[in-house]
Amino acid sequence: MKHLQNPLRLALRLSLALLGLLLAATLILTLVRIPIDLSFARQGAEAALGEALDREVRLLGELKVRTSIWPSFEMTELQIGSPPGFEDRALASLGRARVVVGLLPLLEGKVHIRSLEVEGLMLDLERLEDGSVNWAPAAPRDKERSDSPREQSMALVVDELLLGDISVQFYEHATGTRDANDSANTSGSGSASA
C-alpha cells in the first residue's frame, strides 16, 4: 500500500508545482511589460477587424502587444476598405495605432481604454447621389446579434485620445466636388455606455 501512496504524492506535488508555475507565468505576464510580436496572427486580426467593421481590412505592417495589467496593442499600416458601390479606395488608412486597455475592467463588462493614439490617419469619405455614405456602419445582419445582453451592457471609457497627422478628403458624387482638409494634431477624452 505504501508504494501506491508515493505515486499519488508525486502526482499531487507535480500538479501543485504546475499550478504554481502557471500562476507565476500569469503574474509575470500581467506585471512585467513583455513585448510580443503578433505578426504571425495578421490574417486572424484582419478577419476579426473586418467582421467587426463589415469592411475589408488589410494589416500591412506590424502587430505587437506589450503585456501588463494594462496591455498595449500596436499596429502599423492598417487599411479599411469602402463598402461595395463606392470607389475602389480605402475608406481609412493609418500609419500607426496604439491602444492601452485595462484587463480588470473587462471582467466587469467595461472597456477602459487608458490611451488611444492614432498617427497618420487618412480618411477618404464619399457620398453617393442616393445619399448613402461609405463611413456609415452597415445595418446589423440579424436581430440576435444586435440585441445580445453583452452588447447592451458594455461600457466604454477613454481616458486619452491622441490623433496626429490627420487628412480627410470628401467626395460628393452629386456635385462632383472633392474637398480636402488636413489637421496637425488633436487630443481629448471621454466616456460612454451602451
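What follows is calculated from the coordinates using simple rules that are stated; it is not laboratory data. Source: prediction; values computed, not measured. Neighbour counts are summed over all protein chains in view; Cβ atoms, including those assigned to glycine, are modelled from backbone coordinates with ideal geometry.
Using modelled amide H (1.01 Å from N, peptide plane; none on Pro or chain starts), what sits under 5 Å from the amide H of Arg89, excluding residues fewer than 5 places away?
Ser82
Could you please report the charge total around Leu163, scoring K, R as +1 and D, E as -1 over all other residues with beta-carbon less than 14 angstrom from its beta-carbon?
-3
List the trypsin sites (Lys or Arg not before Pro) in region 17-88 that DSSP assigns to loop (not H, G, I, E or B) and whose Cβ has at most 15 other Cβ atoms within 10 Å. Which are they?
Working: sites: Arg33, Arg42, Arg55, Arg58, Lys64, Arg66; in loops: Arg33, Arg55.
Those that pass, being in a loop and sparsely packed, are Arg33.
Specify whether the C-alpha gyration tensor of region 12-107 places it in the rounded, prolate or oblate class, a ≥ b ≥ c being the square roots of the eigenvalues: rounded for a/c under 1.5, otherwise prolate if a/b is larger than b/c and oblate if not.
Numbers: a/c = 3.03, a/b = 2.64, b/c = 1.15.
Verdict is prolate for region 12-107.
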